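As structure tokens, the structure follows; a few thoughts come after it.
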Amino acid sequence: MLLVDKHRPRKLEALHYHQDLSARLKALANSGDFPHLLVYGPSGAGKKTRIVATLRELYGPGVEKIKIDSRVFMTTTNRKIEFNIVASVYHIEITPSDVGNHDRVIIQSLLKEIGQTQQVDIAAKQKFKVVVINEADHLTRDAQAALRRTMEKYSPNLRLILIANSTANIIAPIKSRTLLIRVAAPTIDEMVGVLKHVAELERFEFSNKLAERVAEESGRNLRRALLMFEALYAQNEVVKDNTPIPPPDYETLVGQIADELLADHSPARILLVRAKFYDLLTHCIPATVILKLLTFRLVAKIDDVLKADVIKWAAFYEHRIHLGSKVIFHLEAFVAKFLRILESYLIGMEF
Amino acid sequence: MKSRVLELNASDERGISIVREKVKNFARITVSTASSTQSSHYPCPPYKIIILDEADSMTQDAQSALRRTMETYSKITRFCLICNYVTRIIDPLASRCSKFRFKPLDEENAKLRLEEIAKMENVEYEDGVVDALIKVSEGDLRKAITYLQSAARLHNPIIQPKPKRVDNEGDEEMVEGEEDDDDEDDSKLALDSKKITVNSIQEIAGVIPGQTIDSLLAACEPKKGKSAYPEISRLVQNIVADGWSAGQVVLQLYNKLVFDDIITAEQKSNIVLIFSEVDKRLVDGSDEHLQILDLALRISEVLTKG
């Protein structure tokens, strides 16, 4: 079992950081009047952990007995879509973005069905059931519109917890019906504390310096930090302060791309780089991640004057990635643009 | 009432087929004239009503399918469309209706209402809290009330000694009655605990502390001889890691910059252009980190040019 899962706190009290947030959630869960929640924050900040702990606070340990259901829904055009539901007696967890554009059907039929029935277990602590919606920021507009009335109409039987990375894509009517809860990423110190705690449990030899480096490297993403931490101890017999932290493979590859681009600014290089992009894409690395990593790698190595320009175009092509259909075009366009900016700057220097 | 009113909202299936069948069938049924006894109790109008809530989320096709239906059965059925944006209702439909525009509530009324609710719920608050609520909710009263409730619940640590609850477990009927008592308990406890503060409202509303925004702006200001990049990139990284929503960053930066008197009108218009572009990109689902960074760097560029 991975450390991340093994040492995931199960109770609100056991959480290591954002104590006041935990206290507030606890007060909410115990007040008997639980609002709809919209939990947002960067990944690896502990949103899900907090939610599971809150559910436990609401219903007791029963929520941890979960089963996975597969349900079939019919769309209006009579197409069948299969959809996985993770459920306990008290709550249901869905990821509507799994089914892409058909998420509206799921929201309409599933939530209504849940909302119209009462809690099965009469001895349950709360009279309502909870539906956790993962990746709520990927819900389509239609699906969000469908949520609006459902949230109000079935509120005696149903509470929603929406989990999102950002609130930008969530329509205002939903935002005004929910209590917004921001889960910030842990600070470096807090992360070191967590790593120390885990190391103690696992009887790892712990060093503050190394933990700090891991925390820095992970970009304040606790899940990533824990995975890196585990990998470190698994790969090396003796872990010292200066043991190199192995970056994920794709980061190495992106780093290579960046180096290659900076070494030679010719069109032939773009062709070479394309192969690497395809390699990354076929390994299911999201284009946004690639572009972002590449940008920050490149920016670190170029002249200050160019940085603003490169970021500008990175933002531009990242937007295009979302609008367009073939991501490779936009990645390559960015590379070409970057080379052009760099080259014209260098030529300008020579004159 | 039930036989005379049909309500459909966005959570119901409202494709063209539903409009053609369900709505049409309902519209077609003639209503019986109310018996004299009934009408003496309450005057009953001789028509039915179909309420289409959130009508702006209906497809164009579905809307055009309504056109004829609305006219043909106008004698016995009236339609009531509710929507956020009248522009999303196709013209032929809009011209068949008389329009009522609901303006955002003005501050005075919103304030009165919030104070009334707070009084009824025995919620105590500091001076200025109601104003803060109105400010962060931007004319959305429901938002303001949700915030008020959350603030009352969240920021006042409600201690919950509830032995009664345990006794009544398994006894559904009793729990129903118990609920009200609990609420009273809560409010009494809330009375004892501290008041709602302006800060707590801002925290709930997800407003970014003024300091953070100020330091980002300061980083954008032109500096002699060195690039603004390292400082901006560090600040933006922190903002993203702290989980502030990009939309909020954009909004607050915008409010700050537009009312800044030092910036010339020309610079402002350039900056506003950038804002509109970034906002559009965010709505399209772009990466927040890159977009905020881009926004900050471009603002800095405009400011430097002078």
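Tabulated results
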{"quantity": "Highest-first arrangement of B:84-93, B:126-135, where packing means the average Cβ count within 10 Å", "calculated": "B:126-135, B:84-93"}
{"quantity": "Summed residue charge, Cβ within 14 Å of A:Thr140's Cβ, Lys/Arg positive, Asp/Glu negative", "calculated": "-3"}
{"quantity": "Shielding by partners, peptide A:124-134 (average Cβ within 10 angstrom, other chains)", "calculated": "1"}
{"quantity": "Average projection area in nm² (convex hull over Cα atoms of chain A, one quarter of hull surface)", "calculated": "21.3"}
{"quantity": "Cα centroid separation, segment A:249-269 to segment A:180-235 (Å)", "calculated": "30"}
{"quantity": "The protein assembly as shown, dipole about Cα centre (Lys/Arg Cβ +1, Asp/Glu Cβ -1), debye to the nearest 20", "calculated": "2220"}
{"quantity": "Residues of type lysines that B:Lys22 reaches as a straight line, Cα spacing below 26 Å, ignoring anything fewer than 8 places off in the same chain", "calculated": "A:Lys80, A:Lys112, A:Lys153, B:Lys2, B:Lys48, B:Lys75, B:Lys99"}
{"quantity": "Taking segment A:188-235 and dividing mean pair separation by its residue count, relative contact order in percent (alpha carbons under 8 Å, at least six apart)", "calculated": "37"}
{"quantity": "Estimated [θ] at 222 nm from DSSP helical runs (n ≥ 4, -39500 (n - 2.57)) normalised by residues in chain A, nearest 500", "calculated": "-16500 deg cm²/dmol"}
{"quantity": "Helix axis angle, A:287-301 relative to chain A longest principal axis, alpha carbon, degrees", "calculated": "40"}
{"quantity": "Packing-based order for B:254-262, B:297-305, using average beta carbon neighbours within 10 Å, highest first", "calculated": "B:297-305, B:254-262"}
{"quantity": "Label-zone membership for segment A:129-167, site A:Asn101, 7 angstrom Cα→C-beta point, backbone N under 18 Å", "calculated": "A:138-146"}
{"quantity": "Test item: A:314-324 mean partner chain Cβ contacts at 10 Å", "calculated": "6"}
{"quantity": "Cα radius of gyration and Dmax for segment A:270-340 (Å)", "calculated": "11.6, 35"}
{"quantity": "Kirkwood Rh (inverse of mean 1/r, distinct Cα pairs), segment A:3-182, angstrom", "calculated": "16.7"}
{"quantity": "Average beta-carbon neighbours from other chains, 10 Å sphere, peptide A:30-43", "calculated": "4"}
{"quantity": "Calculated P(r) of the protein assembly as shown - Cα pairs past 31 Å, %", "calculated": "62"}
{"quantity": "For segment A:188-235, Kirkwood radius (reciprocal of mean inverse C-alpha pair distance, Å)", "calculated": "10.2"}
{"quantity": "Whichever lysines have a C-alpha closer than 21 Å to that of A:Lys307, once near sequence neighbours (fewer than 8 apart) are set aside", "calculated": "A:Lys292, A:Lys337, B:Lys223, B:Lys224, B:Lys226, B:Lys305"}
{"quantity": "Lys/Arg +1, Asp/Glu -1 at C-beta; segment A:249-347 dipole; positive extreme among A:Leu339, A:Ala315, A:Leu294", "calculated": "A:Ala315"}
{"quantity": "Ranked by how many other beta carbons lie within 10 Å on average, peptides A:227-233, A:133-139 from highest", "calculated": "A:133-139, A:227-233"}
{"quantity": "Helix A:188-202 vs. chain A, principal-axis angle (Cα, 0 to 90°, nearest 10)", "calculated": "70"}
{"quantity": "Relative contact order of segment A:196-351, pairs being alpha-carbon contacts under 8 Å that are 6 or more residues apart, as %", "calculated": "17"}
{"quantity": "Directionally averaged shadow of segment B:208-305, computed from the convex hull of its alpha-carbon atoms, nm²", "calculated": "5.7"}
{"quantity": "Stretch gain in nm, segment B:Arg20-B:Ile117, where the contour uses 0.36 nm per residue and the Cα spacing is subtracted", "calculated": "30.6 nm"}
{"quantity": "Segment A:159-214: GluC sites (Glu not before Pro) in DSSP coil with no more than 13 other Cβ atoms inside 10 Å", "calculated": "A:Glu205"}
{"quantity": "Which of B:Pro222, B:Phe275, A:Phe34, positive extreme of dipole for the protein assembly as shown (C-beta unit charges)", "calculated": "B:Phe275"}
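We did not get these values from a lab; they are worked out from the coordinates using the rules stated. These figures come from a predicted structure and were not determined experimentally. Reconstructed Cβ throughout: ideal geometry from the backbone, glycine too, with neighbour counts over all protein chains shown.
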